[in-house]
Amino acid sequence: MTAVRTVLLAGGRVIDPGTGHDGVADVLIRGDRIAKVRQAGSAAPDGALVIDATGRIVGPGFVDLHSHVHSIAGQRLQALDGVTTALDLESGLLPIERAYERAAAEGRPLNYGFSASWTMARGETLSGRVFDGDPFGSLDLLGDPAWQADSSATQLRSWLGRLETELAGGALGIGVLMGYAPRTDPAEYRAVARLAAAAGAPTFTHVREIIESDPTTPVDGTVEVAQAAMDFGGRVHHCHVNSSSRRHVDRTLATIERARAGGAAITVEAYPYGAGSTAVGAAFLAPEALPAWDLRPGNIVLVATGERLRDDAHLRQVRRADPGALCIVEFLDERDESDAALLRRPLAHPDGIVASDAMHIEWPDGRVDTRQWPLPPGGRTHPRTAGTFARSLRVMVRERALWTWSEAFRRCSWLPARVLDDIAPAASRKGHLAPGSDADVVVIDPGRVTDQATYLDPTRPSSGVEQLLVSGQLVVRDGEIVADAYPGRGLRGEAG
Ligand SMILES: [Zn+2]
């Protein structure tokens with residue numbers, strides 16, 4: 001039998017959003033669990049690894065509800081951003097069993113988990129596609145019109161049944177990319193919301209167009225999810241309210257707030273960037289859809305080449321040739337103070353959750369993962385992959401003082417874990433530091449933490465995350481990635 005490893009994080013400012021604790025203390029870790037938070041300066045147990053955390057912030061690692069990173073390389077960037085659990089819930093995968101098998105076989109630095117993919121379930125039924133729990137099969141699906149059609153009663157039964165099977169098999173809820181099939185019959189969305197609520201499973205939705213951007217939308221995207229939360233009583237999560245609402249974020253937040261005040265279990269997330277990233281074939285990037293969003297083809301940049309689109313004809317040509325090609329979409333100007341204030345709004349909103357929407361990294365030779373560290377040069381992705389959490393801390397805590405450190409951990413660790421409490425009882429051990437909780441812990445230099453990734457240099461890791469433990473094992477040690485540390489575990493749902 002191997003001895004249980006003991007780690008003592010000594011003398012840091014320990015913040016536990018579960019209890020409100022904020023003060024200098026020691027954190028004692030035994031094996032993969034927190035043993036206790038105790039008075040600083042107590043003697044270290046024999047054989048313990050002691051890490052001096054003086055002058056540092058110690059708290060539960062960040063739980064990212066929205067990460068499309070399915071790679072060791074991408075997870076390492078997220079580790080240096082403070083994340084200990086990276087979940088793909090907005091898109092999800094199918095079949096999730098294959099996705100969990102693959103992650104376990106390859107090894108992951110961080111904890112992982114998946115929702116059942118509404119997009120892929122529809123794609124199977126309506127487009128005859130076959131999926132293998134692989135994220136890349138869905139990127140080119142996004143530009144394929146067949147899966148975006150309305151379903152017959154038989155088709156609806158078929159893909160709802162598929163989602164139900166995935167929930168029974170351990171999916172963490174249902175991921176709904178409604179914004180990519182924005183003309184589908186709202187009755188179909190309501191059928192999904194009803195099914196999820198009955199199973200005790202959350203939905204994670206990229207909402208369809210809001211009324212301000214498309215007056216012809218079958219229903220306002222934010223009103224649709226808020227109404228479902230009120231009508232069916234299920235847990236409803238509204239993804240990236242920043243990029244879905246852009247200049248109308250005050251209105252969409254008010255819609256959500258009204259539903260919450262009425263008792264609806266609706267939560268909201270945002271990332272602090274003025275540009276989004278998606279497949280260029282997405283419905284909302286059609287040339288005729290851009291003006292409603294104040295967008296031009298010149299606001300779209302292809303990730304693989306850095307090429308900026310010239311005009312409608314160029315956009316049409318790229319969408320035809322490679323609808324799955326990743327692109328950056330500039331929807332707000334981060335250098336403009338009024339746009340920057342709009343980006344802070346959902347982060348300052350009561351109970352607003354930080355989530356990255358991290359994307360995979362792609363190298364010029366087509367590779368999408370590597371065990372090599374530091375990462376080889378030339379990797380392309382969106383800077384939010386590497387920088388969402390450190391940027392949120394820099395802006396909201398250090399520069400603007402809109403959050404205390406307690407508030408930061410509440411929004412980055414505690415609240416996202418609570419979204420999963422009903423579907424995954426094991427989530428109750430995450431997002432806080434109570435004895436017996438998972439030893440997923442981050443140690444941050446509060447004066448130094450910052451994002452460094454930019455649109456031109458998107459794989460530069462954040463700095464200031466000095467130690468990061470997942471299940472009690474160091475993934476980041478003294479600011480450096482620990483090679484061969486793959487302690488990540490799959491978090492599974494238990495839909496009833
Ligand atoms: Zn999205």
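Descriptive notes on the structure:
- Carbon and sulfur %, accessible surface of the chain computed with the full protein complex present, 1.4 Å: 51 percent
- A dipole drawn for the chain from +1 and -1 charges on Cβ atoms has a positive end, and of Thr385, Gly169, Gly31 the residue lying farthest that way is Gly31.
- Sequence-distant contacts, meaning Cα pairs under 8 Å at least 6 residues apart, place the relative contact order of segment 75-224 at 23 percent.
- Options Gln467, Leu433, Gly479, ranked by Cα towards positive dipole end of segment 406-496, top entry (Cβ charges): Leu433
- If the chain linking His248 and Glu212 were pulled fully straight, counting 0.36 nm for each residue of separation and taking away their Cα-Cα distance, it would gain 12.2 nm.
- In this Cβ point-charge picture (+1 for Lys and Arg, -1 for Asp and Glu), segment 397-488 has a dipole of about 280 debye about its Cα centre.
- Using C-alpha pairs under 8 Å with a sequence gap of at least 6, the mean separation divided by the residue count of segment 67-115 gives a relative contact order of 49 percent.
- Neighbourhood net charge (10 Å Cβ-Cβ; Lys/Arg +1, Asp/Glu -1) for Leu177: +1
- Given +1 at the Cβ of Lys and Arg, -1 at the Cβ of Asp and Glu and no other charges, the dipole of the chain around its Cα centre is 700 debye to the nearest 20.
- Here the contact order of the chain, divided by its residue count and restricted to Cα pairs under 8 Å and six or more residues apart, works out to 22 percent.
- Mean Cβ neighbour count within 10 Å, used as a protection proxy, ranking 370-378, 53-61, 32-40 highest first: 53-61, 32-40, 370-378
- Residue (of Phe136, Thr154, Ile72) at the positive-pole extreme of segment 62-426, dipole from beta-carbon charges: Ile72
- Amide proton proximity set for Ser277, modelled H, under 5 Å, gap of 5+: Val329
- The translational diffusion coefficient of segment 76-148, from Stokes-Einstein at 25 °C and 0.890 mPa s with a Kirkwood hydrodynamic radius over alpha carbon pairs, comes to 188 µm²/s.
- Here the Kirkwood formula puts the hydrodynamic radius of the chain at 22.5 Å, using every distinct Cα pair.
- DSSP beta bridges fully contained in segment 62-426 are about 35 percent antiparallel.
- Length released on extending from Asp333 to Arg102, taking residue separation times 0.36 nm less the Cα-Cα span: 79.3 nm
- Projected over every direction and averaged, the convex hull enclosing the alpha-carbon atoms of segment 319-436 yields 11.3 nm².
- Solvent exposure of the chain, expressed per residue, is 36 Å² of accessible area, with all protein chains present and a 1.4 angstrom probe.
- Spatial separation of Cα centroids for segment 394-432 and segment 179-238, in angstrom: 25 Å
- Computed packing ranks the peptides 148-157, 10-19 as 10-19, 148-157, most packed first, by mean other Cβ atoms within 10 Å.
The values are calculated or read from the model by the stated rules, or taken from the named source; none is laboratory data. Fair warning: this is a prediction, and the values are worked out from it, not measured in the lab. For neighbour counting, all protein chains shown are included, and Cβ atoms are generated from backbone atoms with ideal geometry for every residue, glycine included. The protein model used for the area step is the full one, side chains on, heavy atoms only, and it has no ligands, DNA or RNA in it. Shrake-Rupley method; radii C 1.70, N 1.55, O 1.52, S 1.80 Å.
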